[in-house]
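Notes to accompany the following structure.
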Amino acid sequence: MSIKKIYLIRHGQTDFNLKGIVQGSGVDASLNDLGRRQAAAFFQKYQHVPFDKVYTSTLQRAMQSVQGFIEKGIPHEQHAGLNEINWGTREGTRITPEEDAYYHRMLQSWTEGETSLCIEGGESPELVAARQKPVVDLILSRPEEENVLICMHGRAMRILLSQLLRYPLRCMDQFEHQNLCLYQLDFTGSMFSVKKYCDVAHLQDVQV
């Protein structure tokens, strides 16, 4: 039985990440200098993996993070279903203490199982999971793609991992993430297993 290997990464750092500004699907920021070096370090470490396809969101920070693989000629598809959650009225704003309290109340509600609650003007985890599912089904319907690289976003990654590993969405915060971290998953045809969890070993020589 062939095993599909999925390499799932979060995009590299942006200035919005650095400054603590809310950055969801409504903010199309580019990588900053550190983010570009993180992307280069990941490429250096994993360029020899025979990827059959690269999947990204439609946001430039995701595409820039895997640009080295795309430039190698590996087929690439963009899917809006992989975009970050939409943080609504908080998109592009710096978190104030008041907004921070609201944000943490929302996260707590999701953790308590209220994953259908939308953040003001934005999406809920369940809405994100629903738009991810057709992309997941598409990727899994292609057995000829044995090594797949996916680049996406922090909250969306947590939601995707919950789906793939059959965790309730309320458990999504168990999946930690950092800029340009890697989750490596093996898919046997019926279930996923985690081979690398929030791995950043490839970044050890990147100067902050």
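Just a few scattered comments:
- Segment 95-126, subset open to solvent by less than 70 Å² (accessible area, probe 1.4 Å) and among the charged types (D, E, K, R), residue farthest from TYR167 (Cα to Cα): GLU99
- Scanning segment 139-155 for residues being assigned to a helix (DSSP H, G or I), farther than 14 Å from ASP52 by Cα and either open to solvent by 60 Å² or more (accessible area, probe 1.4 Å) or touching a strand residue (DSSP E or B) at 6+ places or on another chain (Cβ under 9 Å) (or both) gives a total of 1.
- Single residue of segment 156-208 satisfying the filter (in a loop (DSSP other than H, G, I, E, B) and among the small types (Gly, Ala, Ser)) that is farthest from TYR55 (Cα to Cα): SER190
- Residue satisfying condition, being open to solvent by less than 50 Å² (accessible area, probe 1.4 Å) and not hydroxyl-bearing (Ser, Thr, Tyr), within set GLY81, GLY26: GLY81
- Just one of the listed residues (LEU165, LEU203, LEU169, LEU160) is within 22 Å of ASN86 (Cβ to Cβ), open to solvent by 20 Å² or more (accessible area, probe 1.4 Å) and of a type in the set (A, V, I, L, M, F, W, C), namely LEU169.
- Screening segment 182-191 for residues that are at negative phi and touching a residue at least 60 places away in the same chain (Cβ under 8 Å) and picking the one that is farthest from the chain's Cα centre (by Cα) gives THR188.
- Verdict on HIS79 being under 14 Å from the mean Cα position of the chain (by Cα) and closer than 22 Å to VAL27 by Cβ: yes
- When ARG131, ARG61 are checked against the criterion of being open to solvent by less than 40 Å² (accessible area, probe 1.4 Å), under 30 Å from LYS4 (Cβ atoms) and either at pLDDT below 95 or basic (Lys, Arg) (or both), ARG61 stands alone in meeting it.
- In the condition set (1) in contact (Cβ under 8 Å) with a residue 40 or more places away in the chain; (2) closer than 18 Å to ALA201 by Cβ; (3) surrounded by 16 or more Cβ atoms within 10 Å (Cβ to Cβ), GLN44 is compliant with all but (3).
The values are calculated or read from the model by the stated rules, or taken from the named source; none is laboratory data. Just so you know, these numbers come straight off a predicted model, no measurement behind them. Here Cβ is always computed from backbone atoms with ideal geometry, including for glycine, and neighbour counts include all displayed protein chains. Protein only, heavy atoms only, side chains kept; ligands, DNA and RNA dropped before computing areas. Shrake-Rupley method; radii C 1.70, N 1.55, O 1.52, S 1.80 Å.
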